[in-house]
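Shown next, in structure tokens, is the structure this report addresses.
The values are calculated or read from the model by the stated rules, or taken from the named source; none is laboratory data. Note that the coordinates shown come from a computational prediction; the quantities given were computed from them, not determined experimentally. Ideal geometry is used to build each Cβ from the backbone, glycine not excepted, and the neighbour counts take in all protein chains shown.
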Amino acid sequence: MAIQLGVITNLTENPGESIAKIREIGLPTCQISTWNPDLWTKEIAKKIVDAFEQYNVRLSSFWAGYPGPAIWNFIDGPSTLGFVPPEYRQMRVDSMMKAIEFAKWIDAPSISTHAGFIPESPKDPNYEGTIEALRIVAQACKDNGLYFCFETGQETPVTLFRAITDVGTDNLGVNLDPANLLLYGKGNPVDALDILGPYVKGVHAKDGEYPTDPNKLGRETPLGEGKVNFPVLIPKLRSFGYSNPITIEREISGERQIQDIKRAIEILTPLL
């Protein structure tokens, strides 16, 4: 089966506008992303479904953010992101329950998110509570016919593999963001497939570099200008039977974002 390309798009009150643009640049799939649960309404869900039908675009996953602080660095990230910080854990589990309902309304096959800086040591005091929270969310996804996908980046591949094993439901997957593995300094994305390959259900086509400051993430780059080796990564994904969409992500805005997405399409298309 041919792998299709897509793009990640932020949810707004008028999702048809962004879905129309996805079709304009010639992409048949997308991943919808939002950190705003106020947008998880039946009215907006219907607009999404109608726009997908009108523009013949397919949804690959719903990327759901969560309430509370989220600081993207090595200093405050471990205590603010995902299901790891105990003080935010329950509110985020509750938020994910609403995201699951919304995902069903828009016919999403999966929910993807950052689980946080999952502790490398299973004896860390935050580990067991993190796993239990993830198990609750994953089981709710399973009960509603959804996969739950961990986006890579904040943990090593082995740590993520352990978490998947310990959560233990059979609807778990990986949303492989190869650039994040570099940006967080957690691993080489091609080598990471030796551990995570069988679990990959989605891929972000994003590029970047390793950190040069021990307190800050590495730098995202336009695709083709970083250290992700896509000509090697994509065939290796295929070797694990991967056939889902590859979703372009460029975390900037404006005209430059569109230019970089179009350039990414040019680079990736021959590799598919």
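Scanning for something part of a helix (DSSP H, G or I), more than 16 Å from residue 37 (Cα to Cα) and of a type outside the set (Ser, Thr, Tyr), does region 67-84 turn up at least one residue? Yes, there is a match, as at least one residue in region 67-84 is part of a helix (DSSP H, G or I), more than 16 Å from residue 37 (Cα to Cα) and of a type outside the set (Ser, Thr, Tyr). Comparison of 252, 234 shows that the only residue that is under 16 Å from residue 204 (Cβ atoms), hydrophobic (A, V, I, L, M, F, W, C), surrounded by fewer than 21 Cβ atoms within 10 Å (Cβ to Cβ) and at pLDDT 95 or above is 234. Reported count of residues in region 91-134, each being in a helix (DSSP H, G or I), within 26 Å of residue 245 (Cα to Cα) and among the charged types (D, E, K, R), is 3. Against the definition (touching a strand residue (DSSP E or B) at 6+ places or on another chain (Cβ under 7 Å) and assigned to a strand (DSSP E or B)), how does residue 8 come out, yes or no? Against the criterion (touching a strand residue (DSSP E or B) at 6+ places or on another chain (Cβ under 7 Å) and assigned to a strand (DSSP E or B)), residue 8 qualifies. Residues satisfying the criterion are absent from region 175-193 (criterion: in contact with a Phe, Trp or Tyr (Cβ under 6 Å, 6 or more places away or on another chain), of a type outside the set (A, V, I, L, M) and crowded, with 19+ Cβ neighbours inside 10 Å). Taken together, 3, 44 contain a single residue that is touching a Leu at 6+ places or on another chain (Cβ under 8 Å), surrounded by 13 or more Cβ atoms within 10 Å (Cβ to Cβ) and assigned to a helix (DSSP H, G or I), which is 44.
On inspection, residue 52 does not qualify as within 16 Å of residue 105 (Cβ to Cβ), within 17 Å of the chain's Cα centre (by Cα) and among the aromatic types (Phe, Trp, Tyr). Among the residues of region 142-154, those identified as within 14 Å of the chain's Cα centre (by Cα) and at pLDDT 95 or above are 147, 148, 149, 150, 151, 152, 154.
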